[in-house]
Structure formats: C-alpha cells, structure tokens
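The values are calculated or read from the model by the stated rules, or taken from the named source; none is laboratory data. From a predicted model like this one, the values you see are computed outputs, not experimental measurements. Glycine gets a Cβ as well: all are built from the backbone with ideal geometry, and neighbour counts include every protein chain shown. The area values use the complete protein model at the heavy-atom level, side chains included, leaving out ligands, DNA and RNA. Shrake-Rupley method; radii C 1.70, N 1.55, O 1.52, S 1.80 Å.
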2 protein chains.
Amino acid sequence: YLKRESELFNLSNLPSETRDGKLIHLKANIEVAEELDSVHAYNASGIGLFRTEFLVMQSGQEMDEELQYSAYIKVVKGMNGLPVTIRTLDVGGDKLINEIAQRDEKNPLLGWRAIRFCLERTDVFRIQLRAILRASAAGPVRIMFPMISGIEEFEKALKILKGVKRELRSEGIAFADEIPVGCMIEVPSAALTSDILARRADFFSIGTNDLIQYTIAVDRGNEKITSMYEPFHPAVLRLIKIVVDNAHDAGIPVGMCGEMAGDPMAAVILMGLGLDELSMSSFSIPEIKRIIRSTTILEAEEFLGTLMDMKSFKDIDHYVREWMEEKFEFITG
Amino acid sequence: YLKRESELFNLSNLPSETRDGKLIHLKANIEVAEELDSVHAYNASGIGLFRTEFLVMQSGQEMDEELQYSAYIKVVKGMNGLPVTIRTLDVGGDKLINEIAQRDEKNPLLGWRAIRFCLERTDVFRIQLRAILRASAAGPVRIMFPMISGIEEFEKALKILKGVKRELRSEGIAFADEIPVGCMIEVPSAALTSDILARRADFFSIGTNDLIQYTIAVDRGNEKITSMYEPFHPAVLRLIKIVVDNAHDAGIPVGMCGEMAGDPMAAVILMGLGLDELSMSSFSIPEIKRIIRSTTILEAEEFLGTLMDMKSFKDIDHYVREWMEEKFEFITG
Ligand SMILES: [Mg+2]
Ligand SMILES: [Mg+2]
C-alpha cells in the first residue's frame, strides 16, 4: 500500500497526458479556500468546480459581497495563475439554504433550484456575479451556471451577467471582460440541445450526478433504488457522447465534474468519449493520471466502441471491470 | 359553439385518416369501465391507456384477482373487438396506494414507482398479470409496462409474464398466448436506448407527462416552475423523433398517451413526427380527428422541419400557435 501511494505521488510532476500525447486536464473540486494545500499537493491543473453554496450561506441574508469576494480572491491568488472555475449558486435540490429550505417541495430535485432560483432572485445572483467578476481581475476565472435546461435560460443568465459588467464598468471597478462563461450540462434537455448551447457557451462541464439521476429518473439518495443509478447505462454514455461531439463541433472544450470524473473505472471510457478535462477531489488525481498516462486515445476509443455496441448496463459494467482490472492491476475499485 | 359541437360530432363515423391517407389511430384513456359509453360516443378506435391504479387500490391488500379480472373483462367485452391496452400498476410518483403512500420519499417522481415497485413486489404484479391474461381470452388485449428505464428492466418484466403464462397454462386457464407487450417510453434513458428496446417490444407508447418532467428536470406540479414544463422544448421534440424513428426501423408501431397526445396545438407536430396512435380523453378525439383529416403528412413533415430548425422553445411555441390558429380557425387554443 505504501509503495502504491509513493508511486502515485511520483507522478505528481508529470503531465496528465495520454500515451499518444493528448493532454487531459485534471482539476480539483473545492468548496473552501482551505483545500488549496491539498489541491497543490496533488498537482491539480486548476479548479474545475468551486462550489459556492457554503460560501453564500455563510454570507447570510444580506448576501455579503465582500465576504464572497474575499473567498474568491483568496482562491484565485492561491492558484498562482491556474484557472479557477466558479459555479454560481446551486441552491435547492439536495443543497439547501435557509430561504429555500423553508419551501416545501414534493420533488426538490425537479424543483426551484440553481439557475432557476438565481434567475428569479436576481438580487442574490447579481451580488455573486459582482464578487466573481471583481476576483477575475486577479487571475484566470471562469464562470459556470448550474442546471441550465435550454438556450433561453442560458441567455437570460448571460444578459444579467452583461448588466453586472456594465455596472462595474460604470463604477470603475476592474474585472476580466473576456471571462469565459460555461454551461453545466446536467439536465437531459441541455444535453439534447448541446449543439445549440455550444454556439453561445465558452465551455461545457458535464455534471454527471444530476444528469444520471434525471436520465434514468432515479434519486440516488433513495435507498430503495440506488442500484438503478448506473453511470455506465448505455443511455448515459450516449448522452455524454452527444455532448462531447457537439462541443467539439463548435470548437469549445468539455469537462466533467460529477463523481464519474474521479472514478478510476470510468477513466478510459471518458478518454474514449473525448473529454478534455476531468474535475474531482484532489486525492483522486494521481490514480486517474496514472491510467491516462498508460493508455492511448486509440486504445480508449476502441474500448469505448466495444461498450457502445453492448445492450445492457450489466454487460457494460462487467466488461469494464474485467478489462480495467486486467490492464491496471493497481485499481482496487 | 353549438354548430362547432355538431360539426365535430358529424366526424364521428369517418376514419381518422390524414388527407393523404395515413390512418392514425385515435384511442381513449380510461380508468373505469363506466367510461365506455363516452368512449363509444366519440368513436375511439380502442383503449390506448387503461389506468389500473384505482382498480388495484380497490382490490385492497389482498390484491383481489377476481375483482381485477371482472373489471378487465368488462372493458374488453364492452369494446366489441377493438383493442384494449392495459398499463400495469403505475403506483408511486404522484399516484399513491396505501403501502407506497406510507413511504416517505424525498423525490417520489424519481423514486420507487411503477415497474420498479412491481419487479420487487412480484406478488402484486403476478396477480395483476394473471387477471389481464385471463381477460385476453375474450378479445384483443395489449399489456404495457410503465417507467421502463432500459432493456434489463423490460426483460425482467417479460420473464415474470412468461412465468405467469406457464402457470395459467398448467392450470388449464385460457389466455391469448400472443398478447402484444409494449414499453411505455417516459424515462429519458428508455427513449435514448429505444433502438435496443424496440427489438424486444411489440409496441411503444410515449408517456409525455413524465418524459417531459425528467427531460427538463421539472416537476410540473411545482407552481414555482410550471412554466418550464414545455412540450415543445426542442429537446422533447428531438427525443420523440428518436423514439419514433427507432420504433419504425424495428417495424413496431408507436403511440402516445400523455396529455400532449390530446392537445390540438400538438396534433400536426405529432403527425409530422410519425406517431401511429394517439390516446387521449374521449372528448378530445373529434377535434384531433378534424385536424388530422384536413392535413397531409407531407404538410406536417414540412411544418415539423421548420420547427426542428428553431433554437428555442419560445420561438417554436409562438410559431406553432400562429400557424395552427391560421390554418384551423376552430381551434380555441
Ligand atoms: Mg448538479
Ligand atoms: Mg408516467
């Protein structure tokens, strides 16, 4: 075990490049600036998902802009020039803040959450966007909106962002005007219209946790049916493929920030699907990097091709586990 | 108004055929045998959806086979040789029975419902299948399973059905051995793998209410976001198109039994998408028939083609309403 840990650690300074030379960015998911030590320890090439629910909750009913700004700037500076992707408030669903928690929704996962909340509570949304934009003056920041369901929602959010930029400009406050703005792809309707969204977005980030839940209509928190939550369901693989192809056709990069991105069993599949970036808990990076570094894209595409011809989740899951365990004897999963 | 009513009624004995001669079956959704008078008054060409939740609830904890059988046989005989499509227990979600109602699910729409319940509570499921099969000896019956998410679930249900048939055979009880078995397509993963399902199913029935809810991740019962429930969302239209094309490639018919099927505004779209059968409340049949009889498939396909090139729900919705109201001045909207 010790040997394995140190082997993985030795990879730290090597790039996360496939054996045939494609760089796949391995980034970190974080929630608080305190995690930056570990982000650096595992050599993440950036923050792929900065969750802001905790932060916004902390900032209280007044939605303290300074408190948010100081957290963002701390992370941006702490990353020394590596890109930081900040997801705007993803409240609701299983992530509650005070106001939302008081609402009594029958199906919170299909409810008033994330961008739906922000597009109505523009007061909350604008304060967050101000804080993010201000931080963007200090280093490379990207914004992404959660739970986008279609182009109209995305354009509404872009319009508000534009208004906030205008406001900052008139106040003489610095920010990065060309800040990249991305779409989380986690609602099936967004995946199915990703060709349309790709023309307006600067990047995609696939949120597999929600995407899988909606695609298979399964609340993974429901113990009666958790076994139905199947990342390798052929429908899920097909949907991811659609998103990646649409992103690449439009010339934008596509990442993934759900749990699937950090699952060693999924790594070769995701290489084959063409993901450009995977964001995960820092400590998962070395193992994923090792898999990427010992596999070619060609190999991954052939592997994926075999899976895509299979008809059931069970067949796919079984084949993946056998293939991965044979090829990578260090995988314990 | 009276004139309009009588005009629609005069259509009653004419077939529901497009102007260029494609027959699109217009069937009725029912819940109890008492609705048959109205089914005949509006000349439905069969029952496209016989909901059995009420019936099974009535039959109590003991799941009375005789009570279910007598209800099924009454409908089968009452339809005089027209086909009756019985949906097996679609419990859970927003449809509760005692046992399920006691469960406290955080997201019942993404929960332990319909076929998921039946595949575990095979005691309940088998009794219902016995009653349906017995009724199939008296006239054309079709079975369909709700909430199928993929081929494995469908095959599990088929296996149980096979076992029940064997049991009846050994008891010397008559039933239609060749009874057609269909898949409801209402979970996005089923729609996305409908090519695989089509090889095993005898027919599809698209359940738009749930399909739209999952695809856009919106609980239409949640008043904060009901406006997001968009039957003409480009993702929904694309998904229906995938299902219809996959069904036809495999040579099986595909119907629709959600509210969209009885919505006059959607009728030409559904013709263009290639639906073979629409099932709705009986009283909606005349208006839908009138639209079908005054439109050609070619016209509908051109209309659909225009919509499929549009990027947003709002554009599509606006165009559909204008086009439909101009062409069919009798539509009240
Ligand atoms: Mg999410
Ligand atoms: Mg349903």
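Residue by residue along B:206-218, Cβ atoms of other protein chains within 10 Å of the local Cβ number 5 on average.
Considering the dipole of the stretch A:146-250 built from charges on the beta carbon (Lys and Arg +1, Asp and Glu -1) around the Cα centre, which of A:180, A:232, A:161 is farthest to its positive end? Of the candidates, A:161 comes out farthest on the positive side.
When a/c is below 1.5 the answer is rounded, else prolate if a/b is larger than b/c, else oblate, so apply that to the stretch A:224-314 with a ≥ b ≥ c taken from the square roots of the Cα gyration tensor eigenvalues. Because its axes are fairly even, with a/c under 1.5, the stretch A:224-314 counts as rounded. Shown here is the pair-distance distribution of the stretch B:80-208: with all Cα-Cα distances grouped in 10 Å bins from zero up to the longest one, the shares run 12, 42, 34, 10, 1 percent. Beta-bridge orientation, the protein assembly as shown: approximately 5 percent antiparallel, per DSSP, counting only bridges with both partners inside. Across the stretch B:187-265, C-alpha contacts under 8 Å between residues 6 or more apart give a mean separation that, scaled by the residue count, equals a relative contact order of 45 percent. For chain A, the percent of C-alpha pairs falling in each 20 Å distance bin, counted from 0 to the bin holding the largest distance, reads 31, 59, 10, 0.
Across chain B, the relative contact order, built from alpha-carbon pairs under 8 Å that are at least six residues apart, equals 19 percent. Only Cα pairs under 8 Å and 6+ residues apart enter the sum, and on that basis the relative contact order of the stretch A:24-82 stands at 37 percent. Close amide H partners of residue B:47, meaning residues 5 or more places away or on another chain with modelled amide H under 5 Å apart, are B:28, B:84, B:85. Here is the tail figure for the stretch B:165-309: Cα pairs spaced more than 21 Å apart come to 49 percent of all pairs. Calculation over all alpha carbon pairs of the stretch A:222-273 in 5 angstrom steps from 0 returns a P(r) of 4, 17, 26, 25, 15, 8, 4, 2, 0 percent.
For the chain pair A and B, the buried solvent-accessible surface (1.4 Å probe, both sides summed) amounts to about 3800 Å². Neighbouring Cβ atoms from other chains, within 10 Å of the Cβ of residues in B:312-318, number 3 on average. Per residue of chain B, the DSSP helices (runs of n ≥ 4 H) give a summed -39500 (n - 2.57) that works out to -14000 deg cm²/dmol at 222 nm.
Interface residues of the stretch B:104-122, defined as those with an accessible-area decrease of at least 30 Å² between the chain by itself and the complete set of protein chains (probe 1.4 Å), are B:106, B:107, B:110, B:112, B:116. For the stretch B:184-333, lysine pairs separated by 8 or more sequence positions, or belonging to different chains, with Cα-Cα distances below 29 Å total 10.
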